[in-house]
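Chemist: Dumping the structure here so I can ask a few things about it.
The values are calculated or read from the model by the stated rules, or taken from the named source; none is laboratory data. Please read all numbers here as calculations on a predicted model, not as lab measurements. Ideal geometry is used to build each Cβ from the backbone, glycine not excepted, and the neighbour counts take in all protein chains shown.
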Amino acid sequence: MNPFNVAVIGCGAISGNHFHALEKLDTARLTAVCDINAEKANAAADAQHVRACTDWQALIQDPGIDAVHLCVPHWLHRPMAVAALRAGKHVLCEKPMGMNADEAAQMAAAARETGKALTVCFQNRYNPASRRMKALIDSGALGAFLGGSAFVVWNRGEQYYQNCDWRGRWRTEGGSVLINQAIHTLDLINWLSGGLRVTHGRMSAHRLAQTIETEDTCELLLSDAAGHRCLFYASNCGVNNLPVQLHLTFEQGELHMDGSRLTVKTPDMTALEDYSAQVKVGKDYWGSGHGPFIEDFYRRLQAGEAPAIPPEDALRTMRLMDEAYRADTSERRRPDNECDPPSRTE
């Protein structure tokens, strides 16, 4: 079969992960890049040997484009995804799926209505340690889930927010550490546990209160349908970007992920599985999931299969994230009109 012709919209930092992944595929080929900043678009186009444009609305009307990757600020995800789907394009969207669950639901509805594929880049599900954990849980060998904890401690300072005016603003980012950095880990614990809800939540700005409207620290108490507890903590106040830690307890064992290292404990043994050698792309606290995720998306498209992370699946994590923001009663509480973003989408 012929490869899918792909356009990447948004030529910021994360686009490099998409370019690198697409270079290795025979199921998809990059044919165009787009950014409202002509200098960024041209630089990316020159590096990738493809054409550049600055008008995403014209790009999605191009019959030669089969799929688009959205690597744009959060507030643009919903309008661009819906428009691209209605223009007959498959859509691979960077996280978060939208600014909130309502926007995510609109995107899912557009995918159903058009019959085009929509997936959300929760690529950490494709990290080797994550996949191993999922396989062990699904096998039933560990028994029922009893609870867990997750910790994300990274470093994002004033310059990170000052360099991009959409970050740290309710109307354009929708939050900060939870919706942007820690959403991958929130998705992992929701996915691996079988589904959670928020019992208590608090958002704070310990370090960046004078720089951002949003939160640099998030503390959540979660529970599953049976009442088993999960503790979730995320902060951008760290000195370093530490590997994500995830600890899950089951009737017949425990799983402890520390970045790319996974410890499996059962009544009979304790084993350390180190997947560090397989992490070749991205920072060590991100993992290397973009490549396998994008490869799997196009393999499934060619086979006529649904994405491994369909919009309804990503929507579950978006709903959990919304619960977390609604549970917060602090002075950093997300305002009711947080998803009334700017009208400009050029």
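Chemist: Answer yes or no: is there a residue in the range 113-136 that is surrounded by fewer than 19 Cβ atoms within 10 Å (Cβ to Cβ), in contact with a Ser or Thr (Cβ under 9 Å, 6 or more places away or on another chain) and assigned to a loop (DSSP other than H, G, I, E, B).
Modeler: no
Chemist: Any residue at all in the range 289-308 that is over 25 Å from residue 6 (Cα atoms) and either in a loop (DSSP other than H, G, I, E, B) or among the hydroxyl-bearing types (Ser, Thr, Tyr) (or both)? Steps first, answer last, please.
Modeler: So the first thing to find is which residues in the range 289-308 are over 25 Å from residue 6 (Cα atoms), and the list is none.
Within the range 289-308, not a single residue is over 25 Å from residue 6 (Cα atoms) and either in a loop (DSSP other than H, G, I, E, B) or among the hydroxyl-bearing types (Ser, Thr, Tyr) (or both).
Chemist: Could you please tell me which pairs satisfy a Cβ distance under 7 Å, a separation of 6+ or placement on different chains, a first residue in the range 314-336 that is over 21 Å from residue 125 (Cα atoms) and basic (Lys, Arg), and a second residue that is at pLDDT 95 or above and assigned to a helix (DSSP H, G or I)?
Modeler: So the pair list comes out as 334/325.
Chemist: Assess whether residue 226 counts as being out of contact with any Phe, Trp or Tyr (no Cβ under 9 Å at 6 or more places or on another chain), of a type in the set (A, V, I, L, M, F, W, C), surrounded by fewer than 17 Cβ atoms within 10 Å (Cβ to Cβ) and part of a loop (DSSP other than H, G, I, E, B).
Modeler: On the way: out of contact with any Phe, Trp or Tyr (no Cβ under 9 Å at 6 or more places or on another chain): no; of a type in the set (A, V, I, L, M, F, W, C): yes; surrounded by fewer than 17 Cβ atoms within 10 Å (Cβ to Cβ): yes; part of a loop (DSSP other than H, G, I, E, B): yes.
No: the conditions fail for residue 226.
Chemist: Turning to a different aspect of this structure: Looking at 243, 310, 292, which is the one that is under 20 Å from residue 14 (Cβ atoms), out of contact with any helix residue (DSSP H, G or I) (no Cβ under 6 Å at 6 or more places or on another chain) and surrounded by 14 or more Cβ atoms within 10 Å (Cβ to Cβ)? Even if it seems obvious, please write down each step before you answer.
Modeler: Details: 310 fails: under 20 Å from residue 14 (Cβ atoms); 292 fails: out of contact with any helix residue (DSSP H, G or I) (no Cβ under 6 Å at 6 or more places or on another chain).
Only one candidate passes the filter, namely 243.
Chemist: Residues in the range 37-55: is at least one within 20 Å of residue 84 (Cα to Cα) and of a type in the set (Lys, Arg)?
Modeler: yes
Chemist: Continuing with this model, one more query. Could you check residue 93 against (1) in the same structural domain as residue 259 (by TED's automatic domain parsing); (2) within 29 Å of residue 203 (Cα to Cα) and say which number it fails?
Modeler: The single condition residue 93 does not satisfy is (1).
Chemist: Condition test on residue 143, is it farther than 21 Å from residue 126 by Cβ and either surrounded by fewer than 22 Cβ atoms within 10 Å (Cβ to Cβ) or not assigned by TED's automatic domain parsing to the domain that holds residue 265 (or both)? Even if it seems obvious, please write down each step before you answer.
Modeler: On the way: farther than 21 Å from residue 126 by Cβ: yes; either surrounded by fewer than 22 Cβ atoms within 10 Å (Cβ to Cβ) or not assigned by TED's automatic domain parsing to the domain that holds residue 265 (or both): yes.
Spelling it out, residue 143 is indeed farther than 21 Å from residue 126 by Cβ and either surrounded by fewer than 22 Cβ atoms within 10 Å (Cβ to Cβ) or not assigned by TED's automatic domain parsing to the domain that holds residue 265 (or both).
Chemist: Next up: Residue 148 versus (1) within 20 Å of residue 328 (Cβ to Cβ); (2) assigned to a strand (DSSP E or B): which is the lone unmet condition?
Modeler: So residue 148 meets the others, but not (1).
Chemist: Within the range 166-197, which residues are surrounded by fewer than 24 Cβ atoms within 10 Å (Cβ to Cβ) and in a loop (DSSP other than H, G, I, E, B)?
Modeler: 166, 167, 169, 170, 171, 172, 194, 195 - these are the residues of the range 166-197 that are surrounded by fewer than 24 Cβ atoms within 10 Å (Cβ to Cβ) and in a loop (DSSP other than H, G, I, E, B).
Chemist: For the range 194-230, give me the residue count where each residue is over 30 Å from residue 142 (Cα atoms), in contact (Cβ under 8 Å) with a residue 60 or more places away in the chain and of a type in the set (Lys, Arg).
Modeler: 1
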